[in-house]
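What follows is a set of notes on a single structure, which appears directly below.
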Amino acid sequence: MSNRSIRSLHGRQHRSSDARMTPETLSRTPNSVYSAISTSRRSSSSRQSAVKVAAKSLAGVFIACFTPPENEATSSVSSDAQRRVNKNGCDPTRSVLVKSYNSTLERETGSIRFTLEQMYKATDNFSPARKIGQGGFGTVFKGTLDNGMLVAVKRAKKSVYDMNLGVEFQSEVQILEKVEHLNLVRFYGYLEEEDERILVVEYVPNGTLREHLDGIRGDILDLPARVDIAIDVAHAITYLHMYTDHPIIHRDIKSSNILLTENHRAKVADFGFARLAADTDSGATHVSTQVKGTAGYLDPEYLKTYQLTEKSDVYSFGILLVELVTGRRPIDTKRDPRERLTAKWAMRKFKNGDAGSAMDPRLERNATNSLILEKILELAFICIAPQRQSRPSMRRCAEILWSIRKDYKELSASDIDSISSLSERHNSITEE
Ligand SMILES: Nc1ncnc2c1ncn2[C@@H]1O[C@H](COP(=O)(O)OP(=O)(O)OP(=O)(O)O)[C@@H](O)[C@H]1O
């Protein structure tokens, strides 16, 4: 969704034979990195001591005392997986849609192959009044299908098609057909006729996360809403990495690819760059491939080695977390040179015990928000660790965020004294 997207730099195709980390290995938190960040921070002189005590002890507690909510992870994602499954891998809603379009060519997978006539009808002949967006892929229209269903109709621009979009389009369709999750934009079908390429996906009515952070979509998102959005995105990527038939790497996690519903639920969009992950059964750890993604979100190790793993999504997710709490874009060229790379700037502030000054100025400043900001930044910084082995799995990120949300709820109803007592309670649990 940004013209900074890097479509194709260098191309090589091969698979490595290194052993891939298992989900069990991935779910272990790199405590050393986490605590290295915590201990390298200078304590803030301006902070009230109770908050410092609480922050320090909670830093360990957040990791050490999390009851790994395995069940929640497993049940939420696997029930989703069950929900989606029929023998063609499509969910009941899709089937209904397919039935109502039985005059069209239906693919075995359950997605619909639309006709041009249907697309013209759905979009009032691609009327400018129906245009809702423009991106590197083409133009997006708000469409209405015959059955009244609202959809987003993504029409590829011809120049993109001429640049070998055919292969990418088919690969995007194939990936979209495989996935089904509440936090992923749902795929309904596509059109491929002569020089027209169109994707028909769920219409998500409330704009992109970036628009919300820019304040052009009404009310500013408060911190709990941002934590919820981070959790939704973590669920979506965890699903792609761990619960699809074959792990999928999204490769373009960024705030302008996160669409929001009216209730501020997040849905990850845009599978244009998505790739199947390495085939672990054959012992591969990564796929080597052309570098694609968006400047500012790109994993430096992937950029350097062309080796793509799920941890590249984790890196982009870390950048997204920084974006969520600072409100700033990952690269902000209008700022002072020392502030242009937002993650670096925020990390410096954090290490100097001054994380609070990296907080989005539109967020309320209070003890709870400051503490939660630190927790989110701590997680962000392990996600963007230079070496991919040091980064947590997406599932681990989701677990940490659940605990952050839980503690937010407990802390927000209380004052500094309660923060201290919560930290004491956690200490006594660890001592036991
Ligand atoms: N499913 C959707 N529901 C509602 N609006 C959408 C939907 N998909 C895209 N949009 C709108 O259209 C805009 C462009 O989206 P699009 O996915 O086409 O970008 P893109 O071509 O993938 O961009 P890039 O390739 O540069 O990342 C979005 O910013 C959003 O405002």
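Rule-based calculations on the coordinates, nothing more; no lab input. The model shown is predicted, which means the values in this text are computed figures rather than measured ones. Because the Cβ atoms are built from the backbone with ideal geometry, glycine has one as well, and the counts that use them run over all protein chains shown.
Quick one: which residues, 5 or more positions from V287 or on another chain, have an amide H under 5 Å from its amide H? H modelled 1.01 Å from N in the peptide plane, none for Pro or chain starts.
When sequence neighbours closer than 5 places are left aside, the close amide H contacts are A278, L308.
Quickly rank 253-260, 378-385 as a protection proxy: mean count of other C-beta atoms within 10 Å, highest first.
253-260, 378-385
Once you order the gyration tensor axes a ≥ b ≥ c over the Cα atoms, which shape class does the stretch 151-257 get: rounded for a/c under 1.5, otherwise prolate or oblate by comparing a/b with b/c? The partial results should precede the final answer.
Numbers: a/c = 2.35, a/b = 1.46, b/c = 1.61.
In terms of gyration-tensor shape, oblate.
Can you give me the convex hull volume of the Cα atoms of the stretch 237-362, divided per residue and expressed in Å³?
Value for the stretch 237-362: 142 Å³ per residue.
If we count other beta carbons within 10 Å of each Cβ, what is the order of M394, M242, fewest first? If you can, show how the numbers build up before the last one.
On the way: M394 27, M242 21.
Ranking M394, M242 by Cβ neighbours within 10 Å, fewest first, gives M242, M394.
Counting other Cβ atoms within 10 Å of each Cβ, which trypsin sites (Lys or Arg not before Pro) in the stretch 296-355 have at most 10 and sit in a DSSP loop?
K334
If we restrict to alpha carbons, what Rg and Dmax does the stretch 206-431 come to, in Å?
When restricted to the Cα atoms of the stretch 206-431, Rg and Dmax are 17.7, 55 Å.
Students often get this wrong, so check it: of K292/K375; K154/K344; K142/K267; K334/K375; K121/K157; K131/K178, which have C-alpha atoms separated by over 25 Å?
Values: K292/K375 30 Å; K154/K344 35 Å; K142/K267 17 Å; K334/K375 28 Å; K121/K157 19 Å; K131/K178 28 Å.
Exceeds cut-off: K292/K375; K154/K344; K334/K375; K131/K178.
Once you put a point 7 Å from the Cα of Q170 and another 7 Å from the Cα of E262, both along the Cβ direction, what distance in nm separates them?
Output for this residue pair reads 4.1 nm.
Would you please name the GluC sites (Glu not before Pro) within the stretch 255-310 that are DSSP coil residues with at most 10 other C-beta atoms within 10 Å of their C-beta?
Details: sites: E262, E301, E310; in loops: E262.
Filter output for the stretch 255-310: E262.
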